[in-house]
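Below is one structure, written out as structure tokens, with a few remarks after it.
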Amino acid sequence: VALALDLDDKLIREGLAREVVRAVQNARKEAGFEISDRIALSLGGDDELLAAARAHSEYLCGETLAETVDYAAEQGEQALVDGRQLRISIAPLEV
């Protein structure tokens, strides 16, 4: 049995998207949001991280309960994802 262990761009972006989700979940927890709270999310920082988040936006929104996502955050909590800078800004969703 032979296994191909090479990572292509698609798999790398998927992995980065999962790490972005993890970082957003940590930011939600630190901000005191409840598990069921819907949010407005804004991300900024490294272009590759943002591209991965955009490519997997449905997954990102589903996992983080983000109703909206903006990719131009200039302020917010700083997170390090795979050695790359990510800014995360979370706001409660107004109902």
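The values are calculated or read from the model by the stated rules, or taken from the named source; none is laboratory data. Please read all numbers here as calculations on a predicted model, not as lab measurements. FYI the Cβ positions are ideal-geometry reconstructions off the backbone, even for glycines, and counts take in every protein chain you see. Keep in mind that these areas ignore ligands, DNA and RNA; they rest on the heavy atoms of the full protein, side chains included. Shrake-Rupley method; radii C 1.70, N 1.55, O 1.52, S 1.80 Å.
For the chain, with all protein chains present and a 1.4 Å probe, just round the carbon and sulfur fraction of the accessible area to a whole percent. So the carbon and sulfur contribution to the accessible surface is 48 percent.
Ordering ALA66, VAL81, ASN26 by Cα displacement along the dipole of the chain toward the positive end leaves ASN26 in first place; charges were set at the Cβ atoms of Lys, Arg (+1) and Asp, Glu (-1).
Using helices alone, I'd like the mean residue ellipticity at 222 nm for the chain: each DSSP H run of four-plus residues gives -39500 (n - 2.57), total over residue count, nearest 500.
After summing the helix terms and dividing by the residues of the chain, the value is -13500 deg cm²/dmol.
Computed from phi, the 3J(HN,Hα) profile of the stretch 70-77 under the Karplus parametrisation 6.51, -1.76, 1.60 (θ = phi - 60°) reads 10, 10, 10, 5, 9, 9, x, 5 Hz, with x in place of Gly and Pro.
Given the alternatives (i) 1.70; (ii) 1.13; (iii) 1.31, Cα Rg over 2.2 N^0.38 Å as computed for this entry is given by (ii).
Taking amide hydrogens as placed 1.01 Å from N in the peptide plane, the amide H of TYR71 sits under 5 Å from those of LEU43, each at least 5 positions away in sequence or on another chain.
For the chain, the dipole from Cβ point charges (+1 on Lys and Arg, -1 on Asp and Glu) about the Cα centre works out to 140 debye, to the nearest 20.
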